[in-house]
Structure formats: structure tokens, C-alpha cells
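Colleague: Take a look at this one; I'll ask things after.
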Amino acid sequence: MYTRLRTLIPLILKLAIMRVYFAVMRYSYLFCYRGKRYVCPFCLHSFRKFLPFGLKHQVFQEKRTIGASYRSNAVCPYCHSIDRERLVYLFIVENQLLSKNIRLLHIAPEINLQKFMKKQKIKYFSADLNNPFVDIRMDITNINCPSEYFDAIICNHVLEHIVDDKRAMQELYRVLRLGGWGILQVPHSPILQKTSENFSIVTKEEREKYFGQSDHVRIYGNDYVNRLKSVGFTVEIRSNCMNDIRFFLYTYIFKKVTVSPEHLNPF
């Protein structure tokens, strides 16, 4: 107990300082970025532009990686939601996926999406391997839950960090009930037919050089769907493009009948 408190106190203090900092910044951004071009679906504030996000890494540019590379217009200046969580939110709301009392597992939860989920009439479980503020401490290659326990799973930008991603996919499939759905976003290169990975690359420096981030072990290619199918998922791709803003992902996965958005407007 004492050891856990010693671990939590610095995190709580850090979180309190961050909240004060972001409170000051968000109100300054409301003034500096005021406008009507974009509306954030979480906080409902409108802006002339969003803040940038992502990395300007050479490998991301060469492989045209979507979901990890630099985007000049990605983060809401007020609530700090990012494009990928707004995309998931809009997709879930527009398709009315949150049936009453479903069990939903949210791995590595995004803050704004988590706040939204907790307000719904569902049984919500947050999970993470390292975050002490989640409901369940979880290694998704070895999930300590009964088979077919969850009705829905959200797991965004996690699989690219896991060496044995097939094992993680198998576990996600196992704990998802028959007919359930999941959203599994990953960084993706549309010009790679095969996922780029090399398990002899183990140092942080090498991983950053070849995969764009020191904690990434691959960049997924167009075979991502087949990797999901290999563990049992059925995946159907849907495309929906609005204006010139595109966000690509293979994510919406049913255990038997699967629909996945390919392009959606994250705003």
C-alpha cells in the first residue's frame, strides 16, 4: 500500500499541475484561434483552425504513414481531442453503436472519448498496462477475462507497440462476444502492401529510424485486414469521403459481420 502511494503521489501532483496549465492555455487558445471553420464534436467550440500533431519523421513521410505522421490541423485547442478520437466518436454516434448495458472495453483510453463513454448507459471498463488510473491493469496478449465477455472493444494505436501482435489480436477476438464489434486503429501506410517489421531491430534508436517512434515495432501496410482475418475477424471496408479531409483506418470489426470505415471526416 505504501509503495503504491509513493508511486501515485508524484503522478497526482503532475496531473494537477497539467490541469492548471491546460486550463490557462485552453482559454488563451479560445481567443487566439477563434473562428467558425471547424467545430469540435466533444467540446462544441468552433475555431478557424486546429493545432498540429504528430511527428515529422522521414520514415513517416517516405511511407506516407497515416495516423502517426505530422498533421497541421489535428488537435482541438480547447479540449485537446485529437483527430482519431473525434473520428471514433462520430462513427460510434452516427451508427448508434452504444446499446444500453453493453460491456465495452476501452484499451489505452483517450481522455475525451473516455469522458463521453462514462456518461453513457453502458458497462464501461478502461484498461492499460501502465496507466494507474484505469479500471483494469491489462496486458492484451494475456487478458484475464472470460471468453466472449465484452460486447465491444476500442483499442486505438496499441498494436504497433506489441511485438506479438497476432497474440494480442487473438486475445481481443477471444474476449469479444459473437456478433460484437471493435475499433482497432493503427498507423497505416497505404503504399506498403506488406507490414514493415523486423524483430532484429530492438534498440530505441533503430526503432525510431525504421518505424518512426522508439516504442513502435512496425508500420502496418495494406495486409492489416488479412492479419485481423487470420485470427477470426471478418472485415468489410466502407468508404466515406467528405470534402478534402481524409482519415484512413481499418477499424470497425464484428466477430462475424464486420464493417470498417476507411475514410471519414474527423471533424
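The values are calculated or read from the model by the stated rules, or taken from the named source; none is laboratory data. On a predicted model such as this, the values are computed, not experimentally measured, just so you know. Quick reminder, even Gly has a Cβ in these numbers, built from the backbone with ideal geometry, and neighbours come from all protein chains shown.
Colleague: When you scan the stretch 196-213, how many residues do you find that are assigned to a loop (DSSP other than H, G, I, E, B), within 16 Å of Gly67 (Cα to Cα) and polar (S, T, N, Q)?
Modeller: Counting residues in the stretch 196-213 that are assigned to a loop (DSSP other than H, G, I, E, B), within 16 Å of Gly67 (Cα to Cα) and polar (S, T, N, Q) gives 1.
Colleague: Restricting the stretch 196-231 to residues that are surrounded by 14 or more Cβ atoms within 10 Å (Cβ to Cβ) and either among the small types (Gly, Ala, Ser) or in the same structural domain as His57 (by TED's automatic domain parsing) (or both), which is farthest from Val175 (Cα to Cα)?
Modeller: Per the stated criteria, the residue is Gly212.
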